[in-house]
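Notes follow the structure.
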Amino acid sequence: MTAWPIALDRLAYGGDYNPEQWPETTWREDVRLMREAGVNLVSVGVFSWALLEPEPGRFDFGWLDRVLDLLHEGGVRVDLATATASPPPWFSRAHPDSLPVTFDGRTLWPGGRQAYCPSSPAYRAAAARLVEQLATRYAGHPALAMWHANNEYGCHVARCYCDVSAAAFRDWLRRRHRDLDALNEAWGTAFWSQHYSRWDEINPPRQAPNFINPTQQLDFARFSSDELLACFRAEREILRRLTPDVPVTTNFMTPAFKPLDYFRWAPEQDVISTDHYLRPAEGDPNLDLALSGDLTRGLAGGAPWLLMEHSTSAVNWQERNLAKRPGQMRRNSLAHVARGSDGALFFQWRASRRGAEKFHSGMVPHAGEDSRMWREVVALGRDLERLAPVRGSRVVAEVAMLWDYESWWAVELDSHPSADVTYLDRVRAFHAALWRAGVTVDVVHPEHEWSGYQLVLVPSLYLVSDATAEALERYVRMGGHAVVSYFSGIVDPDDAIRLGGYPGAFRELLGVRVEEFRPLAAGETVELDDGSVASVWTEDLRLDGARAVMSHLDGRPAVTRHEYGDGVAWYAATRLDPAPLLERVCAEAGVEPVLPGLPAGVEAVRRRGADGDFVFVLNHTAGAVAVPGEDLLGGDGTVPAGGVAVMRG
Ligand code: GLA
């Protein structure tokens, strides 16, 4: 992956541009408005396959030629989509076996979008033909800045259970396990009469009478992520062959999208890009946004990344689609930039008039230019111009949080001690506690390099490889500080229990031994000896070198501290508010907030460039806050309620 290959001289600003939904007369108007707003990058053609190839093998690029030429004349660069995210109706009609099939055997029909099986040879061939045509035609077009492969891979169909997928799954299993003996061993098929004697006896984990083999489910999750990755790679290889100098990306969906192992996808991208939408019904959206940025930056290896989509205001796909308040779009956009995005793009440029997304906000709203939205869009363009010096700088963080999609898939399998143990629960709790403490967290994969951080958070790392267990032990022994949450270190990569007492992978490091889990009933809480309350999970935990720093009222340790080598390993064996614990751990580890003394609800993130630092201050509160210094956004040392400052410092 190259550092930042998009040829722009400032931060990227723009969005998905779908001119095919509008008459050509509107296109000139669009380009005029884009110039007015300072838009310099738009994603074109994301859902254009049916118009680009109206009949099999007959391509119509005339309209796209005109769009690209107009954009070029207007000085707007193009992130050109390969348009493969939604095959046209003729394709589905000609290839009914390309339609995806659900877990319980239902076919998903066209009429929405993305109705294809990722393993379908017909889909892959048709997609490759389209990409070949597009890349041949637009190679060398001066507007072309980047390729946008497909769109949000797996957004609607991340796993397909059809017979074509079953055959592909068997091929994948052969590559992973080599022979049936190894597969039988890994899957533990001695259990419940599941032993396989022939490869063609194996199917995707389709709806069954009761719990499906967990390792079969886990391998199918791995396979499904890899299958879509193979679709991406196939497109990228064509693009690299025909346009070797044009970077290729596809837009991820961080942080809550579970089906794709983005840490396997990331090294395959030239630019890491993601989409993020607020979900106010699911908790504080500022926390979710920050987690998205921190994870995306982790996927980019700490380098700048690109916010490919967010919304100017409401979306259309939630139960209740809340509009953003004045200033919120700006604050959201700059919060992404604070966490490493070198730009802010939206879905979409002009709000649609027809179709399922007509109530989704856009940069040009239905109301037109005479609107608060448009004025805010123009003002944001000015802000992003002022922030041009930020481009290429990197976020500074002293804390790492380990994130592993395989562990996510595995910890949420069925037939576990408690359905209330979910992956993102502790991930979000740890991350939120440090967000509130003003501490920036880098999200990293367990098998990447994180030994240089002052503190490492290990939430819900249920599945853990020997290599990771050893790396964590080495890290602490050499003087690091680590915090591990309950139900971590339980199984190996085949989902087999690590024996000898829980948590098998981390027993020695944590200095504890657990003979039995004691999950709580739904809604049940227990008091701890400091007066706080915990829920969901407790353990019969025996100290084996560690010291209890918090206990249940019956004396069982709930939080432990273990001095190990030159470092310290903490264990939170119950579901508690981790803020007080993490405050103490940060103090011991010497981790400081970005700007000490900020009021609650004021976020600060530091980016470091070759010529100095930029401290983003995002004021989510209803009161002004004083932050002296030179503000790139032209502020006077006070960040008003809902405002943002970017200080040189
Ligand atoms: C996704 C898609 C877009 C659009 C938006 C709406 O991010 O990529 O095409 O549907 O959602 O929020």
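Only the coordinates and a few stated rules stand behind these numbers; no lab work does. Every value quoted in this text rests on a predicted model; they were computed, and no experiment measured them. With ideal geometry, Cβ positions are generated from the backbone for all residues, glycine too; neighbour counts draw on all protein chains shown.
A few notes on this one:
- The stretch 399-589: relative contact order in percent, alpha carbon pairs under 8 Å with at least 6 residues between: 21 percent
- With θ taken as phi - 60° and the Karplus curve 6.51 cos²θ - 1.76 cosθ + 1.60 applied, the whole-hertz 3J(HN,Hα) list for the stretch 451-456 is 5, x, 7, 6, 8, 10 Hz, x standing for glycine and proline.
- Charge dipole (the chain, unit charges on Cβ, about Cα centre) - positive-most of H177, W435, L576: W435
- In the stretch 602-648, the C-alpha radius of gyration followed by the widest Cα-Cα span (Dmax) gives 10.3, 35 angstrom.
- Applying a DSSP loop filter and a limit of 16 other Cβ atoms within 10 Å to the chymotrypsin sites (Phe, Trp or Tyr not before Pro) in the stretch 83-160 leaves F103.
- Whole-number D in µm²/s for the stretch 198-310 (Stokes-Einstein; Kirkwood sum over Cα pairs; 4 °C, 1.567 mPa s): 80 µm²/s
- Cα gyration tensor, the stretch 315-369 - rounded (a/c under 1.5), prolate or oblate: prolate
- Listed by Cβ neighbour count within 10 Å, with the fewest neighbours leading, S418, S224 appear as S418, S224.
- As a proxy for reagent exposure, I497, I202 were ordered by neighbouring Cβ count within 10 angstrom, fewest first; the result is I497, I202.
- Farthest toward the positive end of the dipole of the chain, out of W187, S120, S361, is the Cα of S361, where the dipole comes from beta carbon charges about the Cα centre.
- Karplus (6.51, -1.76, 1.60) ³J(HN,Hα), θ = phi - 60°, over the stretch 554-563, in Hz, Gly and Pro reported as x: 7, x, 5, x, 10, 9, 10, 10, 10, 7
- Rounded to 5, percent antiparallel among DSSP beta bridges of the chain: 50 percent
- At most 14 other Cβ within 10 Å, DSSP loop - trypsin sites (Lys or Arg not before Pro), the stretch 119-187: R178
- Using Cβ point charges alone (K and R +1, D and E -1), the dipole size of the stretch 116-210 about the Cα centre works out to roughly 220 debye.
- Normalised by the number of residues in the chain, the mean separation of alpha-carbon contacts (under 8 Å, six or more apart) gives a relative contact order of 11 percent.
- Compactness index (Cα Rg / 2.2 N^0.38 Å), the stretch 436-499: 1.16
- The GluC sites (Glu not before Pro) of the stretch 517-548 meeting both criteria, a DSSP state outside H, G, I, E and B (loop) and at most 14 other C-beta atoms within 10 angstrom of the site's C-beta, are E524.
- Sorting V533, V439, V549, V644 by the number of Cβ atoms found within 10 Å of their own Cβ, with the fewest placed first, yields V533, V549, V439, V644.
- The chain: C-alpha gyration tensor shape, a/c 1.5 cut-off, then a/b vs b/c: oblate
- Farthest toward the positive end of the dipole of the stretch 390-519, out of I490, M401, H416, is the Cα of M401, where the dipole comes from beta carbon charges about the Cα centre.
- With 5 Å bins from 0: P(r) over the stretch 551-649, alpha-carbon pairs, percent: 3, 11, 16, 16, 11, 12, 10, 9, 8, 4, 1, 0
- If you wrap the Cα atoms of the stretch 399-589 in a convex hull and average its projected area over all directions, you get 9.6 nm².
- Disulfide-incompatible cysteines by the Cβ rule (no partner under 4.7 Å) in the chain: C155, C162, C231, C586
- A simple charge model with +1 on the Cβ of Lys and Arg, -1 on the Cβ of Asp and Glu and nothing else charged puts the dipole of the chain at about 1360 debye relative to its Cα centre.
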